[in-house]
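None of the figures in this text is laboratory data; all of them are computed from the coordinates on show. None of the values given here were measured: they were computed from a predicted structure. Ideal geometry is used to build each Cβ from the backbone, glycine not excepted, and the neighbour counts take in all protein chains shown.
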């Protein structure tokens with residue numbers, strides 16, 4: 001049993017074979033998935049996919065790269081969608097200082113607004129962080145995000161920041177980078193994060209794990225992430241897959257299917 005806590009089968013890269021990709025994940029033992037919508041195009045499709053599959057859920061939010069495009073109507077739309085029975089989180093949201101489409105002050109304001117929305121509707125949040133860790137932690141603390149908690153998506157930063165995230169009721173989610181030969185940080189995190197706060201994801205179609213690095217990622221490959229973490233922690237794969245699945249169900253407030 002596996003739970004891919006963050007993927008984008010709603011992306012254009014899957015337009016031609018979406019059903020096959022999803023079926024491959026189920027066939028590989030991925031029982032649950034969360035498809036993340038992050039703008040006007042991907043949010044409706046995330047909802048549509050979640051409605052079609054019993055154990056696929058949706059998250060809705062606004063990506064920081066596109067923060068400059070978000071209107072008050074978009075925020076109201078996300079709030080309205082939060083009551084949909086298959087929506088389990090608000091996000092992805094956060095800060096991205098790698099790309100310069102949206103000014104930092106705009107990103108920060110949109111981030112704050114989404115945290116406040118999530119607190120209003122009492123849902124966990126999914127955090128996108130690229131080269132902005134200290135500002136993200138500062139904003140989460142200032143906005144009392146620990147009241148709702150959530151997920152540090154595709155965590156790829158120093159172990160030094162992990163405790164601050166755990167203290168705010170966040171789970172640490174690892175993706176394909178934990179399998180990369182030249183990526184020591186996620187490996188260190190994989191070993192040191194408390195087992196009951198660890199999640200796995202793909203971020204498909206991005207960041208495909210070894211040996212598929214550089215190719216299109218897909219939810220079935222979350223098994224490679226879990227296998228690598230099991231190896232690093234010197235545990236059985238079944239223990240890692242079971243524990244990370246239970247963690248995700250708890251985080252998202254999902255009752256386990258029978």
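Note on residue 76 and residue 41: their simple-model spin labels are 2.5 nm apart, each label 7 Å out from Cα toward Cβ. Per q in 0.09, 0.16, 0.17 1/Å, what log10 I(q)/I(0) does a Debye calculation on the alpha-carbon atoms of the chain return? Values, matching the q order: -0.34, -1.19, -1.37.
Whole angstrom only: what separates the Cα centroid of segment 29-79 from the Cα centroid of segment 141-205? Answer, in whole Å: 21. In vacuum, with every alpha carbon of segment 98-153 counted as one equal point scatterer, what does the Debye formula give for log10 I(q)/I(0) at q = 0.31 Å⁻¹? Two decimals, please. The computed values of log10 I(q)/I(0) come out as -1.46. Projected onto planes of every orientation and averaged, the convex hull of the alpha-carbon atoms in segment 1-47 covers 3.1 nm². Projected label points at residue 250 and residue 146, each 7 Å from Cα along the beta carbon direction, are separated by 1.8 nanometres.
Cα convex hull of segment 188-258: how many Å³ per residue?
Numbers: hull volume 7.0 nm³, N = 71.
Per residue, the Cα convex hull of segment 188-258 comes to 99 Å³.
Averaging over all projection directions, the Cα-based convex hull of segment 111-232 occupies 7.4 nm² in the image plane. Placing pseudo-labels 7 Å out from each Cα toward the beta carbon at residue 212 and residue 20 gives an inter-label distance of 1.3 nm.
Only helical runs count toward this figure. For the chain, summing -39,500 (n - 2.57) over DSSP H runs of n ≥ 4 and dividing by all residues gives -12000 deg cm²/dmol at 222 nm.
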